[in-house]
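See structure below.
Just so you know, all these numbers are worked out from the coordinates, no wet-lab data involved. All figures in this text were calculated on a predicted structure; none of them were measured in a lab. We place every Cβ from the backbone using ideal geometry, glycine too, and count neighbours over all the protein chains shown.
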Amino acid sequence: MPDGTRLTKGARVFCSLHGMGRMEEIWGKDCEEFRPERWITKEGRIVSESQFKYVVFNAGPRLCVGKRFAYTQMKMVAATVMASYQVRVPEGHVAVPKVTTTLYMKYGLPVTIHRRELGGQN
Ligand code: HEM
């Protein structure tokens, strides 16, 4: 491996995407802070990061061919739901990750959903 670690024949190598997404040496000191605006430039454009830093869709020749489609779909769903509904997590509920092959929340994520008033600010 690049750091000198030797692998025996047949060894399995896993990398923790969850861990990588929270590493200070990759994302900097504020890596644990929820600061979505870090992904928006002063001009309002999306900050583009190296696919090798965020490897959820893999990187290089094995990069997911559906990556852009998946992002477009996620943004469309989030924007559509948020435009019509107010989604609130109950005060005091802490989302605890349950790390398996895919990421679940150990105690779920209870939310209340209210339809937004047309033209309202809430
Ligand atoms: C959040 C959603 C998604 C994630 C996290 C994801 C993740 C990945 C990853 C990690 C790989 C590489 C697998 C490997 O190296 O063996 C991959 C490959 C692939 N993905 Fe996705 N994917 C997503 C959505 C999609 C969607 C929506 C499509 C199709 C519309 C898609 C189509 C593919 C295909 C065809 C490959 C194989 C590419 C190749 O080997 O050349 N993916 N995906």
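Neighbouring Cβ atoms within 10 Å as the yardstick, rank Phe52, Phe57 fewest first.
Details: Phe52 10, Phe57 16.
Fewest to most other Cβ atoms nearby, the residues stand as Phe52, Phe57.
Kindly put Asp30, Asp3 in sequence by how many other C-beta atoms sit within 10 Å of each C-beta, fewest to most. Don't skip to the end; give the middle numbers.
Values: Asp30 10, Asp3 4.
Ascending number of Cβ neighbours within 10 Å: Asp3, Asp30.
Longer than 27 Å from Cα to Cα, which of Lys53/Lys98; Lys9/Lys98; Lys9/Lys29; Lys75/Lys98; Lys29/Lys53 are they? Say none if no pair is.
Values: Lys53/Lys98 22 Å; Lys9/Lys98 31 Å; Lys9/Lys29 37 Å; Lys75/Lys98 24 Å; Lys29/Lys53 15 Å.
Among Lys53/Lys98; Lys9/Lys98; Lys9/Lys29; Lys75/Lys98; Lys29/Lys53, the Cα-Cα distance tops 27 Å for Lys9/Lys98; Lys9/Lys29.
Please identify every one of the GluC sites (Glu not before Pro) in region 14-101 that sits in a loop by DSSP and has no more than 10 other beta carbons within 10 Å of its own beta carbon. Don't jump to the answer; show the numbers that get you there.
Values: sites: Glu24, Glu25, Glu32, Glu33, Glu37, Glu43, Glu49, Glu91; in loops: Glu32, Glu33, Glu43, Glu49, Glu91.
Sites meeting the loop and neighbour criteria: Glu32, Glu33, Glu43, Glu91.
Karplus couplings for region 49-57 from phi (6.51 cos²θ - 1.76 cosθ + 1.60, θ = phi - 60°), rounded to Hz, Gly and Pro as x?
So the J values, rounded to whole Hz, are 10, 4, 5, 7, 8, 10, 9, 4, 9.
Give the angle, between 0 and 90 degrees and rounded to the nearest 10, that separates the Cα long axis of helix 67-84 from the longest principal axis of the Cα atoms of the chain.
The angle comes out near 20 degrees.
Add -39500 (n - 2.57) for each DSSP H run of 4 or more in the chain, then divide by its residues: what number comes out at 222 nm, to the nearest 500 deg cm²/dmol? All intermediate terms of the calculation are to be shown ahead of the outcome.
Numbers: 3 runs with 26 residues, N = 122.
Counting only the DSSP helices, I get -6000 deg cm²/dmol.
Per q in 0.14 1/Å, what log10 I(q)/I(0) does a Debye calculation on the alpha-carbon atoms of region 11-64 return?
Each listed q maps to, in turn, -0.47.
What's the exposure ranking of Tyr107, Tyr54, going from fewest to most Cβ atoms within 10 Å?
Numbers: Tyr107 11, Tyr54 14.
Fewest-to-most Cβ neighbours within 10 Å comes out as Tyr107, Tyr54.
Once you keep just the Cα pairs under 8 angstrom separated by 6 or more residues, what percentage relative contact order results for the chain? Before the final figure, lay out the partial values.
On the way: 77 pairs, mean separation 16.8, N = 122.
About 14 percent, as a whole number.
Cα convex hull of the chain: mean projected area in nm², to one decimal?
On the way: hull surface 46.3 nm².
For the Cα atoms of the chain, the hull's average projected area reads 11.6 nm².
Compute, for region 11-64, the length of the dipole vector about the Cα centre, with Cβ point charges of +1 (Lys, Arg) and -1 (Asp, Glu) only. Units Debye, rounded to 20. Don't jump to the answer; show the numbers that get you there.
On the way: 9 positive and 8 negative charges, 49 e Å.
In debye, rounded to 20, region 11-64 gives about 240.
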